[in-house]
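Trainee: Starting off with a structure, shown below.
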Amino acid sequence: MFSLGGFSRGGEYEKKLWDVLIIGAGPAGFTAAIYAARFGLETLIISKDLGGNMALTDLIENYPGFPEGISGSELTNRMHEHVKRLGVDIIFDEVERIDPAECAYYEGPCKFTVKTKNSKEYRGKTIIIAVGASPRKLKVPGEEELTGKGVSYCATCDGPLFKGKKVIVVGGGNTALQEALYLKSIGVDVTLVHRRQKFRADKILQDRFKESGIPAILDTVVTEIIGKDKVEAVKLKNVKTGEEWEMKVDGVFIFIGYEPKTDFVKHLGITDDYGYIPVDMHMRTKVPGIFAAGDITNVFKQIAVAVGQGAIAANSAKEFLEKWGEKNGE
């Protein structure tokens, strides 16, 4: 185990009943931790990594205060340092289950038990879920087998390996266009493949993409990724004409949206049919004492939105604990 606020204290983390347990260390989780710490709440973050999807983004140009843009890794580091300065600890682990124990709904805080992949257990009076969402997959033959062998979901991570090589970027939203532009800027031969005729990206990105001269194959989907030990080609199909053909490529970068990472809380009945966690305006879920923030709530997936929701979730956790304290004369 590791700590953002200093060296790990081992079993002391597990023995303690925390005011707030935050699951996830992306923009929502970081912000929730900052606010919770400033409210004087005993706060612990549990996350398998730092920054989430934010850390994998090459350039962020729409976060207030950075008109020239900032890399996702740098913004992650700055949020990390902010949390660290406030003394909030983090455990690097993956949560597998949340169990509400010793719990009287609507009567006060549950003593939630959070169980992790490393067979650890942590207890909290309130929980803020901020795990974000994972890149959605194409679910075509060859994708799973060739992931890490030419199939990638992160241009910043893997792009430099394809300098001077030919790749396709799949998608038509902000991320797809932005990552295609990044790949070209580092010397990768890029073609974009999009299943629709029109892009869903912001106009400023569409204009920049058009100016870049990156070729785009529209109304087209990938039906198979071909290769034995590495990507060698893709099969494409025009969704309007039905025409099919094969295209030789060295890599496939997929940016077609995200899927929520909520299998570990489905037993609580707080997810919708798509796996997201519905919340009210106070970031409250169906279970009192459990809050959610960020991409996991199926809102407009932006760092600024996640940050705002993280702040609200922390404030709601504080108010929840204060009401319980008033009832018990604390």
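The values are calculated or read from the model by the stated rules, or taken from the named source; none is laboratory data. Just so it is clear, the model here is predicted, and its values are computed rather than measured. Cβ: placed from backbone, ideal geometry, glycine included. Neighbour counts: every protein chain shown. These area figures cover heavy atoms from the full protein model, side chains too; ligands, DNA and RNA do not enter into them. Shrake-Rupley method; radii C 1.70, N 1.55, O 1.52, S 1.80 Å.
Trainee: Hey, rough spin-label estimate for Glu81 and Cys157, points 7 angstrom out along Cα→Cβ, what's it come to in nanometres?
Mentor: 2.5
Trainee: For the chain, what is the relative contact order in percent, using Cα pairs closer than 8 Å and at least 6 residues apart in sequence?
Mentor: So the answer I get is 20 percent.
Trainee: Please check: in the Gaussian network model of the chain (C-alpha springs, under 10 Å), which one of Gly269, Gly150, Gly29 has the largest mean-square fluctuation.
Mentor: Gly269
Trainee: Provide the per residue accessible area, probe 1.4 Å, for the chain, rounded to a whole number of square angstrom.
Mentor: Computed with neighbouring chains in place, this is 49 Å² per residue.
Trainee: I would also like to ask the following. Please find, in a Gaussian network model of the chain (springs between Cα atoms separated by less than 10 Å), the residue of Ser119, Ser316, Ser73 whose mean-square fluctuation is greatest.
Mentor: In the Gaussian network model the winner is Ser119.
Trainee: Using 1/(1 + (r/R0)^6) with R0 = 25 angstrom and r between the beta carbons of Glu12 and Glu319, what's the FRET efficiency to the nearest 0.05?
Mentor: For Glu12 and Glu319, the calculated efficiency is 0.35.
Trainee: Return the loop-located GluC sites (Glu not before Pro) in the range 236-295 (DSSP other than H, G, I, E, B) with at most 14 other Cβ atoms within 10 Å of their own Cβ; answer none if there are none.
Mentor: For GluC sites (Glu not before Pro) across the range 236-295 that sit outside H, G, I, E and B with at most 14 neighbouring Cβ atoms in 10 Å, the list reads Glu243.
Trainee: Moving on to the next point. I need the shape label for the range 186-240. Rule: rounded when a/c is under 1.5, else prolate if a/b > b/c, else oblate, with a, b, c from the alpha carbon gyration tensor.
Mentor: Cα axes put the range 186-240 in the oblate bin.
Trainee: Sticking with this structure for a sec: Roughly speaking, to the nearest percent, how much of the range 32-187's 1.4 Å accessible area is carbon and sulfur?
Mentor: Roughly 48 percent of what the probe reaches on the range 32-187 is carbon or sulfur.
Trainee: So, with +1 on the Cβ of K and R and -1 on the Cβ of D and E, and no other charges, what is the size of the charge dipole of the range 50-170 about its Cα centre, to the nearest 20 debye?
Mentor: 200
Trainee: Does a label point 7 Å from the Cα of Glu121, set along Cα-to-beta-carbon, have any residues of the range 65-102 with amide nitrogen under 20 Å, and which are they?
Mentor: Answer for the range 65-102: 91-102.
Trainee: Given Asn77, Ala233, Gly269, which one lies farthest toward the positive end of the charge dipole of the chain, if we put +1 on the Cβ of every Lys and Arg and -1 on the Cβ of every Asp and Glu?
Mentor: Checking the options against the dipole of the chain, the answer is Ala233.
Trainee: Looking at this model, which pairs from Lys165/Lys235; Lys48/Lys266; Lys184/Lys235; Lys48/Lys139; Lys198/Lys248; Lys240/Lys301 are more than 28 angstrom apart at the alpha-carbon?
Mentor: Lys240/Lys301
Trainee: If you don't mind, there's one more thing I want to ask. I'd like the FRET efficiency for Asp49 and Lys111, computed as 1/(1 + (r/R0)^6) with the beta carbon distance as r and R0 of 22 Å, rounded to 0.05.
Mentor: 0.20
Trainee: When the chain is treated as a GNM, springs tying every alpha-carbon pair under 10 Å, which of Lys115, Lys16, Lys261 comes out with the largest mean-square fluctuation?
Mentor: Highest fluctuation among the options: Lys16.
Trainee: Modelled label-to-label distance, Lys165 and Ser73, 7 Å Cα→beta-carbon offset: nm?
Mentor: 1.9
Trainee: Straight-line reach from Lys125: which aspartates and glutamates have a Cα under 14 Å away, not including same-chain ones fewer than 8 places off?
Mentor: Straight-line reach from Lys125, under 14 Å: Glu14, Asp19, Glu42, Asp99, Glu102, Glu107, Glu319, Glu322.
Trainee: For the range 28-105, state which chymotrypsin sites (Phe, Trp or Tyr not before Pro) are in a DSSP loop and have at most 14 other beta carbons lying within 10 Å of their beta carbon.
Mentor: Tyr105
Trainee: Kindly work out what percent of the DSSP beta bridges joining two residues of the range 150-242 are antiparallel, to the nearest 5.
Mentor: Rounded to the nearest five, the antiparallel share is 45 percent.
Trainee: Something else now. Where the only charges are on Cβ atoms (+1 Lys, Arg; -1 Asp, Glu), what is the dipole of the chain about its Cα centre, to the nearest 20 debye?
Mentor: 220
Trainee: Quick check: net charge around Lys137, other residues with Cβ under 10 Å of its Cβ, Lys/Arg +1 and Asp/Glu -1?
Mentor: Once positives and negatives cancel, what remains is -1.
Trainee: At 7 Å along Cα-to-Cβ for each site, give me the label-to-label distance between Val239 and Lys139 in nm.
Mentor: Between Val239 and Lys139, the simple spin-label model gives 1.5 nm.
Trainee: Run the 1.4 Å probe and let me know the accessible area of Thr43, rounded to the nearest 10 Å².
Mentor: Ignoring ligands and nucleic acids, Thr43 comes out at about 10 Å².
Trainee: Further question: At a Förster radius of 25 Å, what calculated FRET efficiency corresponds to the Cβ-Cβ distance of Ile217 and Lys149, to the nearest 0.05?
Mentor: FRET efficiency, Ile217 to Lys149: 0.65.
Trainee: In whole Å, what is the distance between the alpha-carbon centres of the range 159-227 and the range 255-293?
Mentor: Result: 31 Å between the Cα centres.
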